[in-house]
Amino acid sequence: MARLLDLLLPLRCAACGRGERLLCGRCRAELVPLRPPLCARCGAPTAWPVERCSECAGRRLAFRTARAAVGYDRTARALVLGWKERGLRRLAGEAAALVAEAVERPEAEAIAFVPGDAERLLWRGHNTAEALARALAERWELPVVAALARTGRAPRQRGRGRAERRVNVRSAFRPRGDAPRRLVLVDDVYTTGATANAAASTLRRGGARTVDVVTFARALRTAA
């Protein structure tokens, strides 16, 4: 049903509701691109290049790097909301184009994605992380592997602090078969890094040696 509505309804910008494109030129220009200097590890914007910033220093991170295309501001949030909750599936292509422009293709053998919760997948009809992974796979000419599975129903992360988020997802995933040695892990939004880190840790238990995280958007904080 969501796919049928997406095809039949006239196109409007998912962020502002105007125009005849899913992402109009004005809203595209309002997105905050994430450009250097960035933290070499977690990809947070910094005042100067650093290996570890105040956001990720002192944390044990299972991923090698994390990168995103845009900051998770009002416009990006509206796009993700339309993509996730309103079933605007074609936004995966728009998001992948923005990611490919901003993020250098990691050295990897395949692309994995953060699996969706079964109940939410049934309601939404699609998983934004998987859709973005498949759109990026076409651009980067890499295979997609379903290397992760959920261990159960995923508690919502929205509205939780950093410590709560980490506890929330600590045992959320399990390996699904043998993971390739070098992987890109795709999700829609990097907020605190708790989900990305838990998923990357699971992939490494499944055989991956390096995991590079790539997301469409990233929460912005002051990092140095």
For Val70, indicate whether it is buried (at least 16 other Cβ atoms within 10 Å of the Cβ), among the β-branched types (Val, Ile, Thr) and in contact with a Ser or Thr (Cβ under 9 Å, 6 or more places away or on another chain).
no
So Ala224, is it surrounded by fewer than 21 Cβ atoms within 10 Å (Cβ to Cβ) and at pLDDT below 95:
yes
For region 66-146, give me every one of the helices (runs of 4 or more DSSP H) that falls completely inside it and has 2 or more residues that are out of contact with any Pro (no Cβ under 8 Å at 6 or more places or on another chain), on the phi < 0 side of the Ramachandran plot and among the β-branched types (Val, Ile, Thr).
74-85
Close pairs (9 angstrom Cβ cut-off, 6 or more residues apart or separate chains): within 30 Å of Arg18 (Cα to Cα) in region 28-39, among the polar types (S, T, N, Q) and crowded, with 19+ Cβ neighbours inside 10 Å anywhere:
Arg28/Thr75; Glu30/Thr75; Leu31/Thr75; Val32/Thr75
Check region 6-17 and report whether any residue there is surrounded by 16 or more Cβ atoms within 10 Å (Cβ to Cβ), touching a helix residue (DSSP H, G or I) at 6+ places or on another chain (Cβ under 8 Å) and of a type in the set (Gly, Ala, Ser).
yes
Which number in (1) more than 27 Å from Arg181 (Cβ to Cβ); (2) in contact (Cβ under 8 Å) with a residue 40 or more places away in the chain; (3) not basic (Lys, Arg) marks the one condition that Leu61 misses?
(1)
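The values are calculated or read from the model by the stated rules, or taken from the named source; none is laboratory data. All figures in this text were calculated on a predicted structure; none of them were measured in a lab. Note: ideal-geometry Cβ built from the backbone for every residue, glycine included; neighbour counts use all protein chains shown.
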